[in-house]
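Chemist: If you scroll down you'll find the structure; I have some questions about it.
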Amino acid sequence: MATHPSLAGLPTCLLNRLQSVLHAAARLVCGARNYDYVRPLLQELHWLSVPDRITFKLTTLVFPCMHGLAQAYLAETLNRAADVDSRRRLRSGSSTALLVPKTRRRTLGDRAFPVVATQVWNRLPTTLTSQSSLLMFRQQLETFLFEQ
């Protein structure tokens, strides 16, 4: 089941519906009954929950932007805290944190890629965000999300 990053910020009721579809798919693939507990099936299949899948997709889009591997139009939407002159002497000046842009519209603006992606990126531990390899980042991110 592919989860698109644009699903970030959707109402909980819609995410719950997507999660129930994921649960039904796991039961179907594993041949489980409707009332069987799903979490072990998801772990056996190595599937992330819907919110974690969205986080995974967003951060794997941010990682190339941070390392100069993404398209310019996408990378230009993200601003590092270290690149702001007034923050260089602060602790955030040496971190991998991103600045969350301000929005005017709460419904659409807060779901925009630069806003949601920076919020998700900033919630990750620095051991993840400071990785230099995309492959290692993806592996450690998936492990981190499974352990949560």
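The values are calculated or read from the model by the stated rules, or taken from the named source; none is laboratory data. Keep in mind that what you see is a predicted model, and the values were worked out from it rather than measured. In this analysis, Cβ positions are derived from the backbone assuming ideal geometry, glycine residues included, and neighbour counts consider all displayed protein chains.
Chemist: Would you check which residues across the range 110-121 are surrounded by 16 or more Cβ atoms within 10 Å (Cβ to Cβ) and farther than 15 Å from Asp52 by Cα and list them?
Modeler: Within the range 110-121, Arg111, Ala112, Phe113, Pro114, Val115, Thr118 meet the criteria.
Chemist: I'm trying to understand the selection: among the residues of the range 1-25, which are closer than 20 Å to Pro40 by Cα and at pLDDT below 75?
Modeler: Met1
Chemist: Scan (1) outside any loop (DSSP other than H, G, I, E, B); (2) touching a residue at least 12 places away in the same chain (Cβ under 8 Å) for the single condition Leu28 breaks and write down its number.
Modeler: The single condition Leu28 does not satisfy is (2).
Chemist: Also, I was wondering about something else. Can Thr60 be described as surrounded by fewer than 17 Cβ atoms within 10 Å (Cβ to Cβ), among the β-branched types (Val, Ile, Thr) and modelled with pLDDT of 90 or more?
Modeler: It is true that Thr60 is surrounded by fewer than 17 Cβ atoms within 10 Å (Cβ to Cβ), among the β-branched types (Val, Ile, Thr) and modelled with pLDDT of 90 or more.
Conditions tested, residue by residue: (1) within 16 Å of Leu99 (Cα to Cα); (2) in a helix (DSSP H, G or I).
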site: Pro51; (1), (2): no, yes
site: Phe56; (1), (2): no, yes
site: Thr59; (1), (2): yes, yes
site: Gly68; (1), (2): no, no
site: Leu74; (1), (2): yes, yes
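Chemist: Identify all residues within the range 28-56 that are within 25 Å of Gly9 (Cα to Cα), charged (D, E, K, R) and either in the same structural domain as Leu124 (by TED's automatic domain parsing) or touching a helix residue (DSSP H, G or I) at 6+ places or on another chain (Cβ under 9 Å) (or both); write none if there are none.
Modeler: The answer is Asp52, Arg53.
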